[in-house]
1. Do the conditions hold for GLN161, that is, is it loosely packed, with under 13 Cβ neighbours inside 10 Å and either part of a helix (DSSP H, G or I) or aromatic (Phe, Trp, Tyr) (or both)?
2. Would you mind stating whether GLU214 is of a type in the set (Asp, Glu), free of Cβ contacts under 8 Å to residues at least 24 places away in the same chain and in a helix (DSSP H, G or I)?
3. Within segment 226-245, work out how many residues are without any contact (Cβ under 8 Å) to a residue 60 or more places away in the chain and surrounded by 13 or more Cβ atoms within 10 Å (Cβ to Cβ).
4. Here are some residues: THR201, THR210. Which one is surrounded by fewer than 13 Cβ atoms within 10 Å (Cβ to Cβ) and more than 30 Å from ASP43 (Cβ to Cβ)?
5. Among the listed residues THR226, THR219, identify the single one that is assigned to a helix (DSSP H, G or I) and touching a Lys or Arg at 6+ places or on another chain (Cβ under 9 Å).
Amino acid sequence: MKIFALSFILIIFLCYSLLSQPTYKLYDDDIEGKLPPLNVLIDSALAKDPYVRFRELQLVVNNSKLKSDKTQWARNFGFQTDIRNGTFDNFSTNTSEGQSPSIFATKSNQTNYGIGAYMKFPIFDILNRKNQITLAQTELKQASEMAEMQKNEVRQAVIKQYNQLLLSHRLLRIRFNYVETSRTNMQMAEKEFKNGIINITEFSRISEITARSESDFETARIEFRTAYLILEEIVGIKFNLTEKQ
């Protein structure tokens, strides 16, 4: 049932990737409305994370161990059979009155078998049974807690990275608008400087502002791309939000 559910989720993710069209305008549109819902991202990350899968497998192991410990008493009861086939030497004696006994030896192929029940009462197993089951139950509970803790860590990682992506995208849009304004101001300053409207000091100041805005924009662009790729890697989904200028 769990495998079917995970497969169904992955099919939805695949359909999402195929239906997503590269019409997203990176610097104009808000990215939050283009991403899958946060709960879908979390479910995808949980299905993909190898540590979560490991913890779930550990639960299966501990649960099987508990069942084995509970039925371990059955080893002390059972049936035993013995079957032997081969050539056997048979000896017999014939005693007549007044005569020495005669011994006869014959050989024959025979199949001998036997069956019986057995019952054992190992004192240590009887006294230790309760402790053994308690230990197995505790190990199962520990495995369950570790699995839930791992899931919580994955959920927190997705939430943090999701919000980091939203923040970096909004900062990128701000930096983009600022750099566009700076470029326009720089073009105007170049014309005004050539026409003698502004002096070299003012031109240098505008040039410095433009250069700083370009640097801030590149930094914001790299931070956004990093946050974008990390979230894709965590959840295992390609968002296909390519920019169309």
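1. no
2. Judged against the criteria, GLU214 is not a match.
3. 2
4. After ruling out the rest, the residue left standing is THR201.
5. THR219
All of the numbers you see were taken from the coordinates with simple rules; none came from a lab. From a predicted model like this one, the values you see are computed outputs, not experimental measurements. Cβ atoms come from the backbone with ideal geometry, glycine included; neighbour counts cover every protein chain shown.
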